[in-house]
Each structure stands twice: as structure tokens, then as C-alpha cells.
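K.L.:
Let me give you the structure first, and then I'll get to my questions.
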Amino acid sequence: EALPQKEHLGMRMYRSVENTPSRLHLTLYRSDQTVSLSDAVPMLENMGLRVLDEQPYQVRFAEGALVYVNDFSVEYIKNTVFEIEEIREIFQEALQRIWNGDSENDPFNQLVLEAKMNWREVGVLRAYTKYFRQIGFVFTEQYVAATLVNNRTIAQLLLAYFIQRFDPEDSSIWAERIQKGEQLKNKIDAALEQVATLDEDRTLRRYLILMAATFRTNYFQINEQGSFKSYLSFKLNPALIPD
């Protein structure tokens, strides 16, 4: 009943009492047209979910409106255990944004469940990867995304470092802000010592270098309609970037 008043795709994520911690249900609601499996499955797989089953239904209202319901049984591909209440809102918003075309449909979206990042936070790490191409970094975006997922704690620290540098709500004086940034960098450096492979270490360090070389961003800016801008901008100083 509420679907016509919302975006064109409604959803509800939940866990049945008989399900294992990794098994989830995702119900999608769409007016007048069913959700195609060829559209939905790649999005869910890029978010780290394996589709196990799908049950379609139709609901026809007395006034003639028709709503299609697709109930997916899914399983998270890793052994990560999370509470559904902690990730439901950010997962549903991310899937909605991907469906609408506001966010890219790629493996970076697994960070939503793995690292509890919202779709805009994932977008920060994705955007820096686009710059990797410009400086001749050899690894593919798929490899970079997998590296972040495999090292979620470092991914979270990198995001925290980015936010700490530019958050306009931080009222600290500049010296205190610099000190906080150095403390986060030290945490990241310590965590990098535990990274399993040299290539993953190189990839994660490249993120830290680029973030330290960033002088400005529009990440926190609001447009005239009171919404975040539909694109991300970074101003970098190439002199601070090796190679």
C-alpha cells in the first residue's frame, strides 16, 4: 500500500528464525512489473550474496493496482556474522541506489555488509580507485575491491582517516586535527604489518598516500535541494604522490 508513495522499488530484509546466521531473506516489491532475475542477481552477488532461491508473487488490489513481490533466499558468501538490525538500513539504501543508478554495480558494494559502510562511503574508496588508473597502478578494480574486503578493518580505518581530514563538523583546532590524523595513520601502518601479501600491502598503502595528498573534497557539500551532490570531487597534490 505504501509502495506508490516511495521509490519504484520497495524492499524488506529479514532473517527467519529457522535460518542460519548467514542465511537471509530479501523481499522486493515493484508496481506493475516484476523484478527480473537478470537485473537483481548481479547486484546481489556484487554485494556478497549468493542467491539460493526465489519465489515470485502477485498482489492485486481492489482498485486494480498490481504489485509484484519477489522473495529471495540468500546467503552471505563469507563467514562474517552480523546482526540484521545493524545492516538492514544501509544495505537496503545501497541496493536502492544501485537499482536507481546512483551507485555503481561492482564488487566494491560487498563493503556494505563486510565493513558496514553506507553507499556513499563505499563511493569514496571506489573513486580513489578510478585515480589509480591515471597513475598507472597495475591492479584491476576487482582486485582492489577484493583487497579492501579481505582487509575490512584497514578499509574502515582508511575511511575514518578521510572523514577525519575533511569533516566540517569537527570543531578541533588545526593542530589537534593534524594530531588525530597522525594517530589514525599510525593505526593504519600498524594494521598494514599484518597484511598477508605484498600486493595487498601495496594497494592499501596507495590509498593512504592518495588520501594524505588530498587537499579538498565535495563529499560533505549539500546542494540547493538539501541533498548531497551526485558526484565526488577530490583535489590532489601530485607532488605528494610517488611515481
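The values are calculated or read from the model by the stated rules, or taken from the named source; none is laboratory data. On a predicted model such as this, the values are computed, not experimentally measured, just so you know. Cβ atoms come from the backbone with ideal geometry, glycine included; neighbour counts cover every protein chain shown. Surface accessibility is based on the protein's heavy atoms, side chains included, excluding ligands, DNA and RNA. Shrake-Rupley method; radii C 1.70, N 1.55, O 1.52, S 1.80 Å.
K.L.:
Looking only at residues in segment 123-140 that are modelled with pLDDT of 95 or more and either open to solvent by 20 Å² or more (accessible area, probe 1.4 Å) or of a type in the set (Gly, Ala, Ser) (or both), which one is nearest to ASP201 (Cα to Cα)?
P.N.:
If we take residues in segment 123-140 being modelled with pLDDT of 95 or more and either open to solvent by 20 Å² or more (accessible area, probe 1.4 Å) or of a type in the set (Gly, Ala, Ser) (or both), then ALA127 is nearest to ASP201 (Cα to Cα).
K.L.:
For PHE82, only one of the following conditions fails: (1) modelled with pLDDT of 95 or more; (2) in contact with a Leu (Cβ under 7 Å, 6 or more places away or on another chain); (3) among the hydrophobic types (A, V, I, L, M, F, W, C). What is its number?
P.N.:
Result: PHE82 fails condition (1) only.
K.L.:
Starting from segment 219-239, keep only residues that are in contact (Cβ under 8 Å) with a residue 60 or more places away in the chain, then list their pairs with residues that are part of a loop (DSSP other than H, G, I, E, B) and surrounded by 10 or more Cβ atoms within 10 Å (Cβ to Cβ) whose Cβ atoms are within a distance under 6 Å, requiring at least 6 positions of separation or different chains.
P.N.:
What qualifies is LEU236/ALA213.
K.L.:
Would you point out the residue of segment 223-243, among those that are touching a helix residue (DSSP H, G or I) at 6+ places or on another chain (Cβ under 8 Å) and farther than 23 Å from GLU169 by Cα, that is surrounded by the most Cβ atoms within 10 Å (Cβ to Cβ)?
P.N.:
Only one residue tops the list, namely ILE241.
K.L.:
Still on this structure: Any chance segment 155-178 includes a residue that's hydroxyl-bearing (Ser, Thr, Tyr), part of a loop (DSSP other than H, G, I, E, B) and farther than 23 Å from LYS130 by Cβ?
P.N.:
Within segment 155-178, one or more residues are hydroxyl-bearing (Ser, Thr, Tyr), part of a loop (DSSP other than H, G, I, E, B) and farther than 23 Å from LYS130 by Cβ.
K.L.:
Okay, moving on. Considering only residues that are assigned to a helix (DSSP H, G or I) and acidic (Asp, Glu), look in segment 179-222 and name the one that is surrounded by the most Cβ atoms within 10 Å (Cβ to Cβ).
P.N.:
Per the stated criteria, the residue is GLU200.
K.L.:
Further, regarding this structure: Report, by residue number, each residue of segment 30-57 that is among the aliphatic types (A, V, I, L, M) and open to solvent by 50 Å² or more (accessible area, probe 1.4 Å).
P.N.:
LEU37, LEU52
K.L.:
Further, regarding this structure: Can you name the residue in segment 1-17 that is modelled with pLDDT under 70 and within 21 Å of ILE87 (Cα to Cα) and is also farthest from the chain's Cα centre (by Cα) among such residues?
P.N.:
Looking at the filtered set, the residue picked out is LYS6.
K.L.:
Here is a follow-up. So the check is Cβ under 7 Å with 6+ separation or different chains; which pairs have a first residue in segment 164-178 that's under 17 Å from ALA212 (Cα atoms) and open to solvent by less than 40 Å² (accessible area, probe 1.4 Å) and a second one that's among the polar types (S, T, N, Q) and not in a helix (DSSP H, G or I)?
P.N.:
PHE166/THR217
K.L.:
May I pose another question? So ARG60 passes all but one of these: (1) farther than 29 Å from SER230 by Cβ; (2) surrounded by 14 or more Cβ atoms within 10 Å (Cβ to Cβ); (3) charged (D, E, K, R). Which condition number does it fail?
P.N.:
With respect to (1) farther than 29 Å from SER230 by Cβ; (2) surrounded by 14 or more Cβ atoms within 10 Å (Cβ to Cβ); (3) charged (D, E, K, R), ARG60 is out only on (2).
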